[in-house]
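K.L.:
Dumping the structure here so I can ask a few things about it.
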Amino acid sequence: MTTPTDLGPYPAFEGYDEAVSRDTCDPLQGYRDHFVITDPELIYLDGNSLGRLPKSAVSTIETVLGDQWGDRLIRSWNEGWWDLQLRLGDRLAPLIGAGPSEVIVSDSTTVNLFKLAFATLQAAPGGRDTIVTDDLNFPSDVYILDGVARHLGGRLRIVESDGVHGPLADIAEAVDERTALVSLSHTVFQSGYTYDLSEVTRIAHEAGAMMLWDLSHSVGTIPIDVETSEVDLAVGCTYKYLNGGPGSPAFLYVRSQHQERLGNPITGWWGHIAPFQFELEFRPVTGIRRFHSGTMPILSLAAIEAGLDDVLAAGIDAIRAKSVGLTDYLVDQIQAHLEPLGFRLASPADPLHRGSHVSVAHETAWPITLAMIERAKVIPDYRTPDNIRLGVAPLYTRFIDIHTAILRIHRIVESGAHHEFVGTTAQVT
Ligand SMILES: *Cc1c(COP(=O)(O)O)cnc(C)c1O
């Protein structure tokens, strides 16, 4: 086997008819056509790392380049660029249940996490010097939290999990009168475990701590309501399920009641009350704008709107319903066809606690991943040591894609096509 077309008369699996009929009744099926799809045979299961390119992003960028940069030049700052990050923040806010002027799009998730964690720890009442997180959190988030704690003479506590499920009871145990901040990923990057936002936020609040969520892997696929869940702070990516483009700026949310109390540690001119007075003293502007630092990358920022438009138009409840349908079907297919070949489900079985990707573990996961990409036109991603992540993006992933991907993986392992990749390395996995 070298390409999917070589699969030839490989017998159709059980589950094929179900895939076809579910695609036929899919209320979101029309959205797939909103995306650039250059190779219809390619099955893209990595929308949780980099969403596909929306067709309308291409025309938006052409306008920003030609009309705004090309023709209007610096006048464009007064014709929409200066406020673009606020406008996009307000547009994104309903997706996380936030109000107007509570969200901005700014910098990267990493930098935003630093800004908000630092601000919170610095403003914490005396005696509260601890940040609590878990070992399922994205390691980069843990580095940031640890760095913040060190900068401010505090400490980080990392609660241990079983590797798949959020250690809820142990987190409740770890949070105490020394805790300033609890910071977790809503949907964790490896297993896809998804916390109950209200439940954990309540645990933090009952101990007198603030709650900061990283919504990178849930925004755009799971309904989020920071308002009713009483979430204090949140950050998240726009280039995953929001399809904002590689490295597109991230968002941050600060509940309005906290905005004046917290100070951005990166005190740049975009957070100044009068940036064009060019005074030497930093005076923070009031409101969410103070969490900006410096000039925004306008091209990347402008590209975000197209992806947001589709998610908002499709509706987050419809997206979540399809996401659960897809991951349920995926789990069934894994159990039926891949477990007999040595694969193991490495995600929660309960869809209530599962995001929009499913991890499967296999002892030769890395060579299998390479064979999927190089020989079978299936793009997942790989997370060390033995996980293959299969992400479903409800706006463009079909049930038949999942069925076919499982069939191709089965074919690879059964035929031994992955053996030639043992020992091969890559920079980005
Ligand atoms: C994807 C992701 C990030 C990425 O942060 P960048 O600053 O964009 O590199 C951070 N945290 C979590 C939880 C993520 O899933």
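The values are calculated or read from the model by the stated rules, or taken from the named source; none is laboratory data. All figures in this text were calculated on a predicted structure; none of them were measured in a lab. Quick reminder, even Gly has a Cβ in these numbers, built from the backbone with ideal geometry, and neighbours come from all protein chains shown.
K.L.:
Quick one: would you say Y195 is surrounded by 20 or more Cβ atoms within 10 Å (Cβ to Cβ) and within 23 Å of G307 (Cα to Cα)?
P.N.:
When the stated conditions are applied, Y195 does not pass them.
K.L.:
Still on this structure, I have one more. For P9, work out the one condition from (1) under 21 Å from S356 (Cα atoms); (2) modelled with pLDDT under 95 it doesn't fulfil.
P.N.:
Result: P9 fails condition (1) only.
K.L.:
Then there is this: Looking at G163, G153, G147 in this structure, which one is surrounded by fewer than 24 Cβ atoms within 10 Å (Cβ to Cβ) and more than 28 Å from T384 (Cα to Cα)?
P.N.:
Unique residue meeting the criteria: G153.
K.L.:
Right, something else. Using beta carbons and a limit of 8 Å, which pairs, at least six apart or on different chains, have the first residue in region 171-196 and without any contact (Cβ under 8 Å) to a residue 24 or more places away in the chain and closer than 19 Å to I222 by Cβ and the second one among the hydroxyl-bearing types (S, T, Y) and within 16 Å of the ligand (Cβ to nearest atom)?
P.N.:
The qualifying pairs do not exist here.
K.L.:
Testing I158 on (1) buried (at least 20 other Cβ atoms within 10 Å of the Cβ); (2) more than 12 Å from the ligand (Cβ to nearest atom); (3) of a type in the set (A, V, I, L, M), one condition comes back false. Which one is that?
P.N.:
If we test I158 against (1) buried (at least 20 other Cβ atoms within 10 Å of the Cβ); (2) more than 12 Å from the ligand (Cβ to nearest atom); (3) of a type in the set (A, V, I, L, M), just (1) comes out false.
K.L.:
Then there is this: If we keep just the residues of region 201-221 that are surrounded by 23 or more Cβ atoms within 10 Å (Cβ to Cβ) and of a type in the set (A, V, I, L, M), which is nearest to the ligand (Cβ to nearest atom)?
P.N.:
L215
K.L.:
Would you check which residues across region 363-392 are in a helix (DSSP H, G or I) and of a type in the set (S, T, N, Q) and list them?
P.N.:
So in region 363-392, the residues in a helix (DSSP H, G or I) come out as 365-376.
T369, the sole residue that qualifies.
K.L.:
Among the listed residues S300, S323, identify the single one that is surrounded by 15 or more Cβ atoms within 10 Å (Cβ to Cβ), part of a helix (DSSP H, G or I) and within 16 Å of the ligand (Cβ to nearest atom).
P.N.:
Details: S323 fails: within 16 Å of the ligand (Cβ to nearest atom).
Of the residues listed, the single one that is surrounded by 15 or more Cβ atoms within 10 Å (Cβ to Cβ), part of a helix (DSSP H, G or I) and within 16 Å of the ligand (Cβ to nearest atom) is S300.
K.L.:
E177 versus (1) of a type outside the set (F, W, Y); (2) within 16 Å of the ligand (Cβ to nearest atom); (3) part of a loop (DSSP other than H, G, I, E, B): which is the lone unmet condition?
P.N.:
Going through (1) of a type outside the set (F, W, Y); (2) within 16 Å of the ligand (Cβ to nearest atom); (3) part of a loop (DSSP other than H, G, I, E, B) one by one, E177 breaks only (2).
K.L.:
I'm trying to understand the selection: among the residues of region 386-429, which are of a type in the set (G, A, S) and at pLDDT below 95?
P.N.:
S415, G416, A417, G423, A426
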